[in-house]
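A short write-up of the structure that comes next.
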Amino acid sequence: DAKTTQPNSMESNEEEPVHLPCNHSTISGTDYIHWYRQLPSQGPEYVIHGLTSNVNNRMASLAIAEDRKSSTLILHRATLRDAAVYYCILRDWNDNYQLIWGAGTKLIIKP
Amino acid sequence: DAGVTQSPTHLIKTRGQHVTLRCSPISGHKSVSWYQQVLGQGPQFIFQYYEKEERGRGNFPDRFSARQFPNYSSELNVNALLLGDSALYLCASSPQPGQGSGNTIYFGEGSWLTVV
């Protein structure tokens, strides 16, 4: 079973920030938080990952709660090209064998 | 640089047939994983290979098998196809396992398999 919980879908307006939440109440000390997204008819694409501290890259920011039981992916200015299914995944530091995926959040961007 | 490449991109098979899907990882990546994604769901892990050895296996029947070649490319084989095997099959590559979860996993565009 997936170790994360995400809303099924979210809507946002173009050019506005988007905050995608993820709950992972059973996270362990060795779990990294990874985010991937999947555009229609494409393979998943890496977005960002983090362990304890907030992280920024050219695509997004990742805000991690102090107790690490939840996190938020932030898209600072959503565009139509950001419409995708976003997956939040926990990945054990010691286990590179597999990723356990939930159903993800379908992000709808309104022009 | 080329990303993860998969072939074929689309194929249609009949129930009971066999299928082979192919994957070439990113140059320098030695680990390949296979995932099955049914429409509307997240990917499900099938196999991981590293240095030609199976390192992990998901909850799939023995009809599913895979192998990795000396050049790190990989094949996924499915025998006795069922209608329920219709899905997008994704290949992912990463540098190597055991390096901590900082390793980014890169996915190919997938092979769409339809079983009729």
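The values are calculated or read from the model by the stated rules, or taken from the named source; none is laboratory data. Since the structure is predicted, the reported quantities are computational estimates derived from the model, not experimental observations. Glycine gets a Cβ as well: all are built from the backbone with ideal geometry, and neighbour counts include every protein chain shown. These accessible areas exclude ligands, DNA and RNA; they are computed on the full protein's heavy atoms, side chains included. Shrake-Rupley method; radii C 1.70, N 1.55, O 1.52, S 1.80 Å.
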Suppose each label sits 7 Å from its Cα in the direction of the beta carbon; what would the A:Met10-A:Tyr46 distance come out to in nanometres? 2.3 nm
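Which of the trypsin sites (Lys or Arg not before Pro) found in the stretch B:17-63 are in a DSSP loop and have at most 15 neighbouring Cβ atoms, other than their own, within 10 Å?
For trypsin sites (Lys or Arg not before Pro) across the stretch B:17-63 that sit outside H, G, I, E and B with at most 15 neighbouring Cβ atoms in 10 Å, the list reads B:Lys52, B:Arg63.
Tell me, in nm to one decimal, what length is gained between A:Ser25 and A:Glu66 on full extension, where the rule is 0.36 nm per residue of separation less the Cα-Cα distance?
Numbers: separation 41, 0.36 × 41 = 14.76 nm, distance 1.21 nm.
Result for the pair: 13.5 nm of gain on full extension.
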Please report, in debye to the nearest 20, how large the charge dipole of chain B is about its Cα centre when each Lys and Arg carries +1 at its beta carbon and each Asp and Glu carries -1 there. 200 debye
Can you give me the three principal axis dimensions of the protein assembly as shown from its C-alpha atoms, in Å, biggest first? 48, 38, 35
For the stretch B:1-38 versus the stretch A:43-86, the gap between their alpha-carbon centres in whole angstrom: 27 Å
Measure off 7 Å from each Cα along the Cα-to-Cβ vector at A:Thr79 and B:Gln41, then give the distance between these two points in nanometres to one decimal. 3.4 nm
Residues other than A:His76 with Cβ under 12 Å of its Cβ, Lys/Arg counted +1 and Asp/Glu -1, net out at -1
For the stretch A:1-54, what are the per-bin percents of Cα-Cα distances with bins 5 Å wide, up to the bin holding the maximum? 4, 13, 20, 27, 21, 10, 4, 1
Among B:Ser73, B:Tyr50, B:Val115, pick out the residue whose Cα is farthest towards the positive end of the charge dipole of the protein assembly as shown, where Lys and Arg carry +1 and Asp and Glu carry -1 on C-beta, about the Cα centre. B:Val115
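How large a share of the accessible area of the stretch B:6-61, in percent, is made up of carbon and sulfur atoms when the probe is 1.4 Å and the other protein chains stay in place?
On the way: 1310 of 2930 Å².
Heavy-atom surface of the stretch B:6-61 belonging to carbon and sulfur, 1.4 Å probe: 45 percent.
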Using only protein heavy atoms and a 1.4 angstrom probe, determine the accessible area buried between A and B, summed over both sides, in Å² to the nearest 100. 1900 Å²
Checking a compactness column here: for the stretch B:2-93, what do you get for Rg(Cα) / (2.2 N^0.38 Å), N being the number of residues? 1.03
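Whole number in Å², please: accessible area per residue of the stretch A:39-111, 1.4 Å probe, ligands, DNA and RNA not counted. Write down the numbers at each step before the final one.
Numbers: 3700 Å² over 73 residues.
Here the per-residue accessible area is 51 Å².
Taking beta carbons within 10 Å but only from partner chains, what does the mean come to for residues B:105-114? Don't jump to the answer; show the numbers that get you there.
Values: counts 8, 4, 7, 3, 3, 5, 0, 1, 0, 0.
Going residue by residue through B:105-114 and averaging, the value is 3.
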The simple spin-label model distance between A:Ile108 and B:Ser65, using points 7 Å out along Cα→Cβ, in nm, is 4.6 nm
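Based on the Kirkwood radius over alpha-carbon pairs, what is the Stokes-Einstein translational diffusion coefficient of chain A at 25 °C with 0.890 mPa s viscosity, in µm²/s? Kindly include the intermediate steps, with their values, before the conclusion.
On the way: Rh = 14.0 Å.
Rounded, D is 175 µm²/s.
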